[in-house]
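Engineer: First the structure, then my questions, so here it is.
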Amino acid sequence: MQLKTITEELENQKEQKWDIYSVPIDNLQMNRYAGQVKISVLHPETKQVSSHPLTRPAHQQLAERLDIPWKYYERMLQEQTILLADNVDTWLTGDGERKFFIRGMGDNIRAVLSDRYRVIDHLDVLMCALNELQGKAEVENAHLSDMNLFLKFKCPDLKAHIRGVDDEIVGGILLANSETGHGAVSAKPRIFRVLCLNGMVMESLATRRIHLGSGGTSLDDDKVFLEIRSSIRGIFEQFGTVINQLKNTLMWW
């Protein structure tokens, strides 16, 4: 996916996203509408009820949070939706102190998360990275799924030779994020061997920022994005360390 395409897609998704914060667990109920399983949500602030289908990852998160084995949950979802609703509703009652954070897009609930989850959206991460990498890197590839965003940057100025002038190494960055609780925002050094078109991620030098916090203030959010930019700068500074590691190992050759 090209940079323009993924930027347009993220801008389009931004208009479709919605969140419901601090939903008491007993404000949720599973129902069947024309054979389709949906979750009804009593909004804590507006006291309005809305009903939404769940994506498969959201179903998996709901099962996990209610301690219902996924294999059993999935079988009920496919074969016995009334039984599934009975099971889910049973475990959604009687624990009013527990709260969830519900993330949606369009009509769908796409994530059922802890109310301590901090929102770090894909578009913000992309813009933060592009601001830091302006003139230093190019987007080699991008992948967007229901659960994750992966951005592969190649940095033409980060070059070295390991075995000779014909065997060139180019540095880069793998940036990842999830808006749905399926991974931390992370920045990892990426090494590209021109000779054989291989790409390798250096996990030992990765930095990551988990999506946990107190709900997020502008100051907290600024700190998160400063950390992302600092991590990207650190990868440039560590390029020499990466090359030394490669010189001392035979795992690539």
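The values are calculated or read from the model by the stated rules, or taken from the named source; none is laboratory data. If you're wondering where the values come from, they're calculated on a predicted model, not measured in any experiment. For neighbour counting, all protein chains shown are included, and Cβ atoms are generated from backbone atoms with ideal geometry for every residue, glycine included.
Engineer: From (1) of a type outside the set (S, T, N, Q); (2) surrounded by fewer than 12 Cβ atoms within 10 Å (Cβ to Cβ); (3) in a helix (DSSP H, G or I), pick out the condition that doesn't hold for V88.
Structural biologist: (2)
Engineer: Could you check the range 91-104 and list, in sequence order, the residues that are surrounded by fewer than 20 Cβ atoms within 10 Å (Cβ to Cβ) and not in a loop (DSSP other than H, G, I, E, B)?
Structural biologist: W91, K99
Engineer: For residues in the range 115-161 being part of a strand (DSSP E or B) and in contact with a His (Cβ under 9 Å, 6 or more places away or on another chain), which is farthest from T7 (Cα to Cα)?
Structural biologist: Y117
Engineer: Return the only residue of V125, V112, V139 being farther than 24 Å from V23 by Cβ and either modelled with pLDDT of 90 or more or not assigned by TED's automatic domain parsing to the domain that holds R190 (or both).
Structural biologist: Of V125, V112, V139, the one residue that is farther than 24 Å from V23 by Cβ and either modelled with pLDDT of 90 or more or not assigned by TED's automatic domain parsing to the domain that holds R190 (or both) is V125.
Engineer: Let me ask something else about it. Mind checking which pairs have a first residue in the range 112-134 that is touching a residue at least 12 places away in the same chain (Cβ under 8 Å) and at negative phi and a second that is in a loop (DSSP other than H, G, I, E, B) and surrounded by 18 or more Cβ atoms within 10 Å (Cβ to Cβ), Cβ under 7 Å, 6 or more apart or different chains?
Structural biologist: Listed pairs, sorted by first residue: L113/G181; Y117/G181; Y117/H211; R118/H211; I120/H211; D121/E179; H122/E179.
Engineer: If we scan the range 162-175, do we find a residue that is part of a strand (DSSP E or B) and either surrounded by fewer than 16 Cβ atoms within 10 Å (Cβ to Cβ) or under 12 Å from the mean Cα position of the chain (by Cα) (or both)?
Structural biologist: Looking through the range 162-175, at least one residue is part of a strand (DSSP E or B) and either surrounded by fewer than 16 Cβ atoms within 10 Å (Cβ to Cβ) or under 12 Å from the mean Cα position of the chain (by Cα) (or both).
Engineer: Is it true that some residue in the range 190-207 is out of contact with any Ser or Thr (no Cβ under 6 Å at 6 or more places or on another chain) and modelled with pLDDT of 80 or more?
Structural biologist: yes
Engineer: Out of all the residues in the range 43-65, is one or more surrounded by fewer than 19 Cβ atoms within 10 Å (Cβ to Cβ) and over 24 Å from K17 (Cα atoms)?
Structural biologist: Checked the range 43-65: no residue is surrounded by fewer than 19 Cβ atoms within 10 Å (Cβ to Cβ) and over 24 Å from K17 (Cα atoms).
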